[in-house]
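Undergrad: There's a structure below that I have some questions on.
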Amino acid sequence: MERSRWYKDAFFYQIYPRSFCDGNGDGIGDIRGIISKIDYLKDLGINAVWLSPVYKSPNDDNGYDISDYRSINPEFGTLDDFKEMLEKMHKSGIKLIMDFVGNHTSDEHEWFIKGSKDKDSKYHDYYFFKEGKKNGKKPHNNWTSFFAEGAWNKLETGEYYLKLFSKKQPDLNWDNPLVRKEMKDILRYWLDLGVDGFRCDVITIISKQEGLPNSKRILPILRGGEYYINGPHVHEYIHELNKDVLSKYDCMTVGESVMITPIEALEYVKEENEELDMLFSFEHTDADGWFHIKWFLRKFNLIRFKKTLTKWQNTLIGNGWGSLYLENHDQPRCLGRFGTSEKYPYASSTMLATMMYFQFGTPFIYQGQEIGMRNISLELDEYEDIETANFYKIGRKLLFTKKYLMKAIHLKSRDNARTMMQWDKTNNAGFSKVKPWFIVNKNYQDGINVLDEENDPDSILNYYKKLIALRKGNKIVRDGNYIEYNKQSNKIYCYSRSLNNKTLLIIANFKGKDINYKLPKGFNNKDLEVLLTNYKEQLVNKDMVTLKPYQVYVLSI
Ligand code: TEU
Ligand code: CA
């Protein structure tokens with residue numbers, strides 16, 4: 001069928017269901033809660049939702065460990081609730097994509113239960129079970145996992161299995177055609193129910209080098225990555241999903257990638273390759289980390305940040321499609337992170353959003369981003385996330401100080417993004433009538449909540465609404481080219497988007513002070529109209545713009 005490629009005009013909102021809204025009063029967000037907020041989503045102006053996993057799961061990794069791909073976790077509701085949500089979203093003009101976690105299952109999935117017990121079971125070949133070395137004392141190779149521990153776990157049978165995330169997330173063996181068939185059946189099942197596509201969890205690591213050879217990397221950080229990141233058959237397998245299933249529906253896919261360059265990304269998203277529609281990459285979130293390892297803190301550097309974004313823009317425009325985001329359920333809150341300051345919450349949040357979402361690609365916002373939700377600082381034992389706990393353990397083993405580790409956790413723990421959505425000033429921020437499964441940030445009482453912001457015309461929320469409305473349907477933002485100016489400035493990010501003689505110039509101040517910015521060549525003495533700015537002051541002259549702290553302008557020429 002001819003696909004409409006509706007995603008090119010979509011503005012996405014990511015829902016992390018546990019923390020979004022509790023409909024039945026047990027302290028855990030759920031589908032009825034989401035249904036009760038569809039009007040809110042519609043009013044915000046978004047027209048697509050990415051829903052993090054709601055499948056049956058023992059929640060070792062909050063749903064990214066699936067024990068049954070075809071049923072809804074009872075904590076979240078029933079399949080009927082799901083169908084009702086989907087229908088109501090569609091009626092409100094909102095598409096819904098699910099999270100497809102295909103690299104691994106839960107160890108409580110029946111495939112794993114059967115395969116781990118019985119070497120003769122067909123399910124034994126669904127995973128990577130291997131005899132140990134040195135009389136079974138050592139695993140098959142020296143790989144390490146994403147969650148800061150070894151990549152193997154030993155079973156009572158004496159066999160080990162590969163798990164690139166937690167012990168309860170065994171990796172599936174995609175070289176087995178039966179596994180690929182199962183995966184295609186699952187995609188088809190949800191598409192037939194009417195969902196509009198998938199965010200594909202770590203899809204770029206599904207193909208592992210045959211034999212799972214020892215890694216030559218010395219540091220215990222993603223050791224083995226050279227044998228599975230963009231592994232040998234990954235393009236073949238994704239193309240197979242596309243050809244046999246995805247291409248038969250008017251759906252969209254966004255793949256989560258791991259350590260990827262824009263050139264490598266193109267191979268997944270070039271339309272003629274018939275694989276995925278776009279990828280999430282992480283390079284720009286590395287602006288305050290080293291070598292893709294977020295825990296190695298470094299100071300944000302605007303020049304480096306701009307360079308990364310520009311490189312991705314220039315590679316993708318004209319050749320493929322991209323995604324734009326500042327936050328998700330694995331990332332800390334953006335306010336105060338990307339060169340901005342919590343001293344200027346309104347200006348900082350709105351500047352970042354404008355800087356990001358006028359670029360080329362499909363925009364994604366994460367729940368709470370639109371009201372300027374903040375990070376949390378907890379004691380170690382108050383954190384919920386498995387990655388955080390494991391990181392601390394290995395960090396101590398590697399002799400990092402407690403002080404450094406806690407600083408890194410405060411800045412980077414995934415739990416920063418997993419506090420309850422702040423709806424109003426009532427108990428538990430209106431998320432639930434009872435104490436929620438995890439922290440509610442107390443600042444909901446200080447105006448950081450949906451209701452207060454709806455009533456304040458100058459709130460972050462109302463700015464997001466304006467921004468979303470302006471972006472949607474704007475052909476220049478959708479299809480225009482991209483040129484960056486004053487690349488060496490460590491204060492200003494300036495770029496233009498042009499299409500058919502119409503241009504938008506975006507100028508963002510990343511400093512907490514006034515800046516006079518000389519317009520780039522070619523923009524002097526032109527008729528400039530301010531399409532959007534985050535201050536009442538609009539100081540635009542013939543060749544000079546004055547920006548207040550964290551002010552941003554979108555000028556139309
Ligand atoms: O994340 C993949 C991934 O690369 C992360 O584990 C990343 O290393 C980490 O979050 C950085 O802090 C996806 C999901 O988004 C994540 O929530 C899951 O835990 C993971 O896959 C396993 O399914
Ligand atoms: Ca609930």
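The values are calculated or read from the model by the stated rules, or taken from the named source; none is laboratory data. The shown structure was predicted, so the numbers you read here are calculated from the model rather than taken from an experiment. Cβ placement follows ideal geometry from the backbone for every residue including glycine, while neighbour counts extend to all protein chains displayed. Ligands, DNA and RNA are stripped out before the accessible areas are found, and what is left, the full protein with its side chains, is counted by its heavy atoms. Shrake-Rupley method; radii C 1.70, N 1.55, O 1.52, S 1.80 Å.
Undergrad: Going through region 144-187, which GluC sites (Glu not before Pro) have at most 14 other Cβ atoms within 10 Å and a DSSP loop state?
TA: Loop-located and lightly packed - GLU156.
Undergrad: Along the positive direction of the dipole of region 379-418 (beta-carbon charges: Lys, Arg +1; Asp, Glu -1; about the Cα centre), which of LEU399, THR388, HIS410 reaches farthest?
TA: With unit charges placed on the Cβ atoms, the residue in question is LEU399.
Undergrad: By how many nm would the segment from LYS270 to GLU2 grow when fully extended, if each residue of separation counts as 0.36 nm and the alpha-carbon distance is taken off?
TA: The LYS270-GLU2 span can extend by a further 94.8 nm.
Undergrad: While we're here: In the calculated pair distance distribution of region 479-556, what percentage of Cα-Cα distances lie above 14 Å?
TA: More than 14 Å apart: 58 percent of the Cα pairs in region 479-556.
Undergrad: Using a cut-off of 12 Å between alpha-carbon atoms, which aspartates and glutamates can reach LYS402, once sequence neighbours fewer than 8 places away in the same chain are excluded?
TA: GLU379
Undergrad: Can I ask one more? Quick check: the distance between the Cα centres of region 28-70 and region 253-283, to the nearest angstrom?
TA: 24
Undergrad: Quick one: grab the alpha carbon gyration tensor of region 210-354, order the square roots of its eigenvalues as a ≥ b ≥ c, and give me rounded if a/c is under 1.5, else prolate or oblate depending on whether a/b is larger than b/c.
TA: Since a/c reaches 1.5 but b/c is at least a/b, the shape of region 210-354 is classed as oblate.
Undergrad: Here is a follow-up. In whole percent, and with a 1.4 Å probe on the protein chains, what portion of the accessible area of the chain is carbon and sulfur? Show your work: numbers first, answer last.
TA: Details: 11050 of 22280 Å².
Carbon and sulfur atoms account for 50 percent of the accessible area of the chain.
Undergrad: Between LEU178 and LYS299, take the C-beta separation as r, use R0 = 45 Å, and let me know the FRET efficiency to the nearest 0.05. Please report the intermediate quantities before stating the final value.
TA: Numbers: r = 49 Å, r/R0 = 1.09.
Result of the calculation: an efficiency of 0.35.
Undergrad: DSSP loop (so not H, G, I, E, B), at most 15 other Cβ within 10 Å: list which trypsin sites (Lys or Arg not before Pro) in region 89-167 pass both filters.
TA: LYS119, LYS134, LYS137
Undergrad: Now for a different question. With a cut-off of 8 Å between alpha carbons and a minimum separation of six or more residues, what is the relative contact order of region 479-556 in percent?
TA: Values: 152 pairs, mean separation 24.3, N = 78.
So the answer I get is 31 percent.
Undergrad: Let me make sure I get this right: for region 379-418, a, b and c are the square roots of the gyration tensor eigenvalues over alpha carbons, sorted descending. Under 1.5 in a/c it's rounded, otherwise prolate if a/b > b/c, else oblate. Which is it?
TA: prolate
Undergrad: If one takes the longest principal axis of the Cα atoms in the chain, at what angle in degrees, from 0 to 90 and to the nearest 10, does the Cα axis of helix 386-397 lie?
TA: Once rounded, the angle reads 80 degrees.
Undergrad: Test of understanding: what is the full-extension gain from PHE400 to ASP527, defined as 0.36 nm times their sequence separation minus their Cα-Cα distance?
TA: Stretched fully, the PHE400-ASP527 segment lengthens by 40.1 nm.
Undergrad: When ligands, DNA and RNA are left out and all protein chains stay put, how many square angstrom of accessible area per residue does the chain have with a 1.4 Å probe?
TA: 40
Undergrad: Measure off 7 Å from each Cα along the Cα-to-Cβ vector at THR78 and LYS134, then give the distance between these two points in nanometres to one decimal.
TA: 5.4
Undergrad: With each pseudo-label sitting 7 Å past Cα toward Cβ, what's the ASP456-ASN481 distance in nm, one decimal?
TA: Going by the 7 Å Cα→Cβ label model, 4.2 nm.
Undergrad: If packing is taken as the average number of other Cβ atoms within 10 Å across a peptide's residues, how do 34-43, 534-543 rank, most packed first?
TA: Answer by packing, highest mean first, reads 34-43, 534-543.
Undergrad: Would you work out which of ASN427, TYR64, CYS494 lies farthest towards the positive end of the dipole of the chain? Charges go on Cβ: Lys and Arg +1, Asp and Glu -1.
TA: CYS494
Undergrad: Once both axes come from the Cα atoms, what is the angle between helix 177-192 and the longest principal axis of the chain, in degrees from 0 to 90, rounded to 10?
TA: Roughly 50 degrees, rounded to the nearest 10.
Undergrad: Give the calculated FRET efficiency between ASP250 and LYS122 to the nearest 0.05, with a Förster radius of 22 Å applied to their Cβ-Cβ distance. Mind showing how you got there, number by number?
TA: On the way: r = 34 Å, r/R0 = 1.56.
Efficiency for this residue pair is about 0.05.
Undergrad: Provide Rg over Rh for the chain; use the alpha carbon set for both Rg and the Kirkwood Rh (inverse mean inverse pair distance).
TA: My calculation of the ratio gives 0.96.
Undergrad: Shifting gears a bit: Given a Förster distance of 60 angstrom, what is the FRET efficiency for LEU193 paired with THR546, based on the Cβ-Cβ distance and rounded to 0.05? Mind dumping the intermediate values first?
TA: Numbers: r = 54 Å, r/R0 = 0.89.
With a Förster radius of 60 Å, E is 0.65.
Undergrad: Whole-Hz ³J(HN,Hα) for each residue in region 420-430, computed from phi via Karplus 6.51 cos²θ - 1.76 cosθ + 1.60 with θ = phi - 60°, x for glycine and proline: what do you get?
TA: Going residue by residue, I get 5, 4, 9, 8, 7, 8, 6, 3, 6, 6, x Hz, with x marking Gly and Pro.
Undergrad: Going by the alpha-carbon gyration tensor, a ≥ b ≥ c the square roots of its eigenvalues, is region 335-481 rounded (a/c under 1.5) or, if a/c is not under 1.5, prolate (a/b greater than b/c) versus oblate?
TA: Since a/c reaches 1.5 but b/c is at least a/b, the shape of region 335-481 is classed as oblate.
Undergrad: Further, regarding this structure: Checking the cross-link filter: which lysines have an alpha carbon closer than 20 Å to that of LYS513, excluding same-chain neighbours under 8 positions apart?
TA: Partners found: LYS299, LYS306, LYS343, LYS487, LYS491, LYS536, LYS548.
Undergrad: Still on this structure: Which value at 222 nm does the chain reach when only helices count, each DSSP H run of 4 or more adding -39,500 (n - 2.57), with the total divided by all residues and rounded to the nearest 500 deg cm²/dmol? Intermediate results must be reported in sequence, preceding the final value.
TA: Working: 14 runs with 141 residues, N = 557.
Counting only the DSSP helices, I get -7500 deg cm²/dmol.
Undergrad: Quick check: the distance between the Cα centres of region 132-211 and region 431-486, to the nearest angstrom?
TA: 36
Undergrad: For region 110-162, give the magnitude of the charge dipole about the Cα centre (Cβ charges: +1 Lys/Arg, -1 Asp/Glu; no others), in debye to the nearest 20.
TA: Magnitude of the dipole: close to 260 debye.
Undergrad: How far is helix 234-244 tilted, in degrees, relative to the longest principal axis of the Cα atoms in the chain, given as a value from 0 to 90 rounded to the nearest 10?
TA: Compared with the principal axis, the helix lies near 90 degrees.
Undergrad: Let's see if you can work this out: charge +1 on each Lys and Arg Cβ, -1 on each Asp and Glu Cβ, no other charges. What is the dipole magnitude of the chain about its Cα centre, in debye to the nearest 20?
TA: 2240
Undergrad: A follow-up question, please. Hey, if you put +1 on the Cβ of every Lys and Arg and -1 on every Asp and Glu Cβ in region 110-162, which of TYR126, ASN141, GLY115 ends up farthest toward the positive end of that dipole?
TA: The listed residue farthest towards the positive side: ASN141.
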